[in-house]
Structure formats: structure tokens, C-alpha cells
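FYI, it's all coordinate maths here, none of it is from the lab. Everything numeric in this text was worked out from a predicted model, so none of it was measured. Counting neighbours? That spans all protein chains shown, and the Cβs are built from the backbone with ideal geometry, glycine included.
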Amino acid sequence: MPRHIAIIMDGNGRWAKERSKARSKGHEEGAKNVRTITESAIKAGVKYLTLYAFSTENWARPKSEVEFLMKLLERYLDKEAETYRKNGIRFEVIGDMSRFSDSLVKKIESIRAETAKNKKLTQVLAINYGAKDEIVRAVKKMQSLSLEPNEQNLSISLDTAFMPDVDMLIRTGGDMRLSNFMLWQSAYAELFFTKTLWPDFGEEELFLMIEEFKTRERRFGRV
Ligand code: FPP
């Protein structure tokens, strides 16, 4: 079984375009699907689910879209706090929080603290996240703590220090690239790409991927 699944949730904009709707509608449907897939991951026995919700590069999108995504994130957190409680989900974030509004950071911190002891699954949102930025911040942290630069010390200095490496990395939306996501933690991840757009990605397809994961031979560089 995969312990840690990470997902690049791509295709919200195209999902909306296909329906002649505004891109924001696609993001709204995408946010709804976060709950669906989190519940499916719990059913499957997955312990960590990391979702790429906003990248360090996404700030370059039109101001109106960035503002919409920020508001959507706040709304999502307001709504989901209850779901986390009910379903025993621990909420975590990775990324550089320093660019977010005080109110958003406060909200994130309070949900993190409130759900810290939940054990069913840890849902991790990657927000203002970029793997290169994360690695640079980790190196600075190692330097400031005078830690010897080695793999172990870098791993514990990353935002992801609290969780295991990625077992399965999924990208929806048809593109076959990693887009600066979890580069260190996915060194030995099994990769899955699907043309399905994120709002349409459902439990059935996730479970089929997990079945395929079980058949893959992971050698980690050995024979
Ligand atoms: C990619 O779609 C999606 C994102 C920019 C990030 C994912 C955002 C969500 C799923 C919604 C917000 C999530 C939460 C947790 C509130 P795209 O716009 O790049 O799609 P396109 O490639 O079809 O244009």
C-alpha cells in the first residue's frame, strides 16, 4: 500500500472552458474534489495525502485569479475545519507562509493546532510551494543551526520533515512534468499521469492507480 500519495491537481481551467464557464468555476469544482479524494484516500488506508494547491510560480497568474484562489482557500478552510474534526484528519501545510495575509496564516495555524492529534490521515496542502524554494530555505536552516550538510540533515530541514517520502505521485490534466513539486521527496516515487482533468478525477480512477502501484516493483536502485 502507498503510505504517501502526492497529487498535482491540474486541469481546473480546461474543465471550466469545456463547459464555457469562467476559470474560477473550475477552481471551485477543484476545491470540492479535494474533499472527495481525501475521503477516498482514507478509505484506501493512505496515511499522507499532499495536494499542490498553489505554487510559487502561480503568483504570476492574473491578479484577479490569484485573489480568487486566495479567497477560495480561506473559504475552503472555513468549511473543512468541521470535516477534519469529524473524519479524524490532521491538517498540515508546506510552502512559504510569509507571503500570505495575517488572517490566512492565523486560520492555518489554528486548524493545524486543533487537528494535530488526529490519526486517520494527514492532509497536506502545498501553498506558495516550490521544491527549489523549499530546498533553498532548508539549506539556510541547516546553515543557521550549523548542521553538517548531508541527506539526513537536509531531509529534516525541509517543510516535509514530519512525513515519509512520496510513494505515488499523480498528475491530472494530461501534462507529463513535475512543475517544481516535491523534487527531493519524490526521488523514488512511482509516477502516474492521467488525462483526466482534476475536477473529474474520482475515487474509481484513484483506486485503479493504487492497484497498479501494488504491481510495480520498487527496486530503489538495487537489483
Ligand atoms: C491547476 O489548474 C490548479 C491550480 C492552480 C491549483 C489547484 C487548485 C485547486 C484544486 C483549487 C483550490 C484548492 C483548495 C484546496 C482550496 P489550472 O488552472 O492550471 O488548469 P488548466 O491547466 O486547465 O488551465
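Here are the numbers for this structure:
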| read-out | value |
| --- | --- |
| Percent of alpha-carbon pairs separated by more than 16 Å within region 64-151 | 61 percent |
| Reach of LYS140 by Cα under 18 Å, taken over aspartates and glutamates that are not fewer than 8 positions away in the same chain | ASP96, GLU148, GLU151, ASP159 |
| Percent RCO, i.e. relative contact order, over region 62-161, from Cα pairs under 8 Å lying at least 6 residues apart | 27 percent |
| Leading residue at positive end of dipole, the chain (Cβ point charges), from ASN12, PHE68, ALA53 | PHE68 |
| Relative contact order [Cα under 8 Å, 6+ residues apart], region 132-223, whole percent | 23 percent |
| Full-stretch length increase - LEU183, GLU74 - with 0.36 nm per residue and alpha-carbon distance subtracted | 36.5 nm |
| Of LYS132/LYS195; LYS43/LYS86; LYS86/LYS120; LYS47/LYS141; LYS132/LYS214, pairs whose Cα-Cα distance is over 20 Å | LYS132/LYS195; LYS47/LYS141; LYS132/LYS214 |
| More than 31 Å apart - percent of Cα-Cα pairs taken over the chain | 18 percent |
| Most fluctuating residue given options THR83, THR38, THR56, as computed from a GNM of the chain linking Cα atoms under 10 Å | THR83 |
| Pairwise centroid distance, computed over Cα atoms, of region 127-149 with region 45-74, Å | 21 Å |
| Local electrostatic count at LYS25 - Lys and Arg +1, Asp and Glu -1, tallied over other residues with Cβ under 15 Å | +3 |
| Volume of the Cα convex hull of region 133-219, divided per residue and given in Å³ | 114 Å³ |
| Nearby aspartates and glutamates by direct alpha-carbon distance to LYS25 (threshold 18 angstrom, same-chain neighbours under 8 apart not counted) | ASP10, GLU65, GLU67, GLU74, ASP200 |
